[in-house]
Amino acid sequence: MSPPCNDHRERLLADHECSSSEKHLGECGECRAWWVKTERLTKALSGLSRLDAPVELAAAVQRSVSSAGLRIGESVDDGELSGDQLAQRLDSDPSSLHPIFEGAFRNLSRLHAPEILDDLVLDPSPLRDSRTATLLSGLSRIPVPQVLDRLVGEELESPARHRVERFIGDLERENVPYALDENPVRSIASRFGRSNRRMLVAPLTAIAAGLILWASFGGGTRVPETTEYSFDVVRVHSPDQLSPLANSFLSGMTGGSRLQPKTDREGSPR
Amino acid sequence: MRALRPLAMLLLGFALSACGVEQPIGLPGTPGVPAAFQGEWDQIQLAPWNTRFQGDRRVSIAVDLDNGEQVQTQYMERVSSDGTGRFNILPLYAESQVFPDEPTFLTLQGRREGFFYRYRDFRIRDLSLFRENYRHLGAGSRVEVAGRTAWEVTFLRNTPRGRTYVVAFDLVTGLVLRCKELDARGNLLSGLEYTSIDFDPELSGVAFFVPGNDEQRFEFDGGEGEEVLGFTPRLPESIPAGFVLHETASVTDGMGLRWFKAGYTDGAEMLFFLYRERTEGRYELPLTVSPQSSSTQAASTESSAGPERRDEVVLFRAGTVHAAQGTVRGHDMIVIGEVPEHDLLQMIHTTK
């Protein structure tokens, strides 16, 4: 790189629209390539988020300033300079800044430039011109969970079956009518002894189970027998929707157990 | 043949269950039962109240939620009784994930000590009723619990799909040292087991239970209730099969309102009915529910379309426990118990 090239590059860095330097870019292929690279770098840098100075910088600078102050203040009687005195010395002798900040920066942990910066500089792909694409490409890639492949594959193999399974899971669970529990047994008990009752209850139970299954899967959602009540019944799914008094009795009956689905913030692992 | 397999399995299961020797309650005179245990039912009933002891025990609870999740809770607690009716339960530490966090959970459990000792723990509350509603399987067996010799008996509720209790009684005091509550399929619903017990404890530092809800017991038929409550207590006309009225009292809720509390029992389990006459404009049960979290079962076709708003009863299920609450005909009512929801609704429906 010739000295004129160096001058033009410095001028361009100071003033992007310097006409004489722009003219030089048209004549010098080396400087033109340098300028394209520099513009890309500038663009990339301007797209990066600004990082705050590490908090330890202040402490490190203070330490270095103190030690420098001690050195500079050797001629002072008490061997130590106050902040104002040090500032005056620094104004009168700017070169004393160098050891102070050298020491301060040496104490700092080095921050590495993002890898994306290298990619941007080295890869002239047109995609890189898109800032969003650039940022996205810089993100670490998380592989898709393998189980997702399997689940999607299974669903695609038999979509109808999976759709039915999903909807069945959403259906409200029906309770067996209480009358089924009590009445048949009671009537049988009044007529037969205990051993005879068992002999009868067994097949009746089997028949009842069959009827329940048939009713559950053959007839769709069945409305519970609530027609005799003088009120409407509202089913809730959270104990919070009960009154505090009802809630306290419920907590006692259920031993203080959690009674609603867990949220991420709840529970303490043991 | 393949289609008949479930039926065959069902019949086989029934035949196998029939092989067990089930007997009505009446262990005295039952062959194989230790002499020390014969005729001790009265003492078993009274043991929690007239036995001086202190012991640590493990409590396990399993609750099935509506979304299919099973919540399992396990923790340790220290129980103290001075033998004159005073008691204390001190929660010690959790052994499982607890809600919402361990310190809060233990604090809340401590505040529930009165309910737990009197109602949650397995008790024979009414011997004649217990004999009527339960039977035992076999003569039981000798077991060791917390270094004590105990007699373990399996009790079955005399209803299909009823629960089973496997209870180990201390042979000397009659105290329940271990109890497992199982559902009809044999799944554990709750468990309680002493890991250590001392029958000559130092209890000077124990803060015995004092009711925090201003509870005052009274005889329902004595006419005392109206004086205590400030309104006429009412009871449901229909109660679940096997249950009878066990105790009546007045309790005060967190808003300072008095409620009539009726406790029903089937000899072991408890069922609660709470009632109060509504004071106009003073208190509203939180019956408003969001459409996403509830489903309304219309009691009749006219109910939702009619011009007049009908009373509503809110129903909630937690495992085997059902709770119903509502304001019907101007009366606030709450019913909670391990009975089918239809029975709870009937209780509310028949309270007039």
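What follows is calculated from the coordinates using simple rules that are stated; it is not laboratory data. Please read these numbers as outputs of a predicted model, since none were measured by experiment. Cβ placement follows ideal geometry from the backbone for every residue including glycine, while neighbour counts extend to all protein chains displayed.
Please give the average number of partner chain Cβ atoms lying within 10 Å of the Cβ of each residue in B:318-330, rounded to a whole number.
5
At what distance in angstrom do the alpha carbon centres of the stretch B:162-237 and the stretch A:3-28 lie from each other?
Here the answer is 93 Å between Cα centres.
With only alpha-carbon atoms in the gyration tensor, what are the semi-axes of the equivalent ellipsoid for the stretch B:21-198, in Å, largest first?
Result for the stretch B:21-198: semi-axes of 27, 21, 14 Å.
Hey, got a sec? Which GluC sites (Glu not before Pro) in the stretch B:185-267 land in a DSSP loop and have at most 11 other Cβ atoms within 10 Å?
Here the GluC sites (Glu not before Pro) that fit, given the DSSP loop and packing criteria, are B:Glu202, B:Glu219, B:Glu237.
Please state the shape class of the stretch B:117-252: rounded when a/c is under 1.5, otherwise prolate if a/b exceeds b/c and oblate if not, all from the C-alpha gyration tensor.
Since a/c reaches 1.5 but b/c is at least a/b, the shape of the stretch B:117-252 is classed as oblate.
For B:Lys352, which lysines qualify as cross-link partners when the Cα separation must be under 29 Å and same-chain residues fewer than eight apart are set aside?
B:Lys261
Peptide B:339-348: average number of partner chain Cβ atoms within 10 Å per residue?
If you average over the peptide's residues, the count of other-chain Cβ atoms is 4.
What does the highest-first list of A:22-32, B:312-322 look like by mean Cβ count within 10 Å?
Output ranking for A:22-32, B:312-322: B:312-322, A:22-32.
For peptide B:67-75, how many partner chain Cβ atoms fall within 10 Å of a residue's Cβ, on average?
Mean partner-chain Cβ count within 10 Å for B:67-75: 3.
Show which lysines lie in cross-link reach of A:Lys37 when reach means a straight Cα distance below 29 angstrom and same-chain residues fewer than eight apart are skipped.
A:Lys23
With a 10 Å Cβ neighbour count serving as the proxy for reagent exposure, in which order, fewest first, do B:Phe272, B:Phe208 appear?
Least to most surrounded, the residues fall as B:Phe208, B:Phe272.
Rounded to the nearest 0.05, what FRET efficiency do A:Ala53 and B:Thr350 have when you use their Cβ-Cβ distance and R0 = 60 Å?
That gives a FRET efficiency of 0.20.
Report D for the stretch B:76-126 in µm² per second (integer): Stokes-Einstein, Kirkwood Rh on Cα pairs, 10 °C, 1.306 mPa s.
Stokes-Einstein gives a translational diffusion coefficient of 133 µm²/s.
Quick one: which residues, 5 or more positions from B:Gly138 or on another chain, have an amide H under 5 Å from its amide H? H modelled 1.01 Å from N in the peptide plane, none for Pro or chain starts.
When sequence neighbours closer than 5 places are left aside, the close amide H contacts are B:Val21, B:Glu22, B:Gln23.
Exposure proxy check: B:Ile124, B:Ile336, B:Ile239 ranked by fewest other beta carbons within 10 Å?
B:Ile239, B:Ile124, B:Ile336
Please order B:Thr149, B:Thr107, B:Thr164 by the number of other Cβ within 10 Å, starting at the fewest.
Exposure proxy ranking, most exposed first: B:Thr107, B:Thr149, B:Thr164.
Applying the Karplus parametrisation 6.51 cos²θ - 1.76 cosθ + 1.60 with θ = phi - 60° to the phi angles of the stretch B:78-90, what ³J(HN,Hα) value in whole Hz is obtained for each residue in order, glycine and proline being reported as x?
10, 10, 10, 9, 8, x, 10, x, 8, 8, 8, 10, 10
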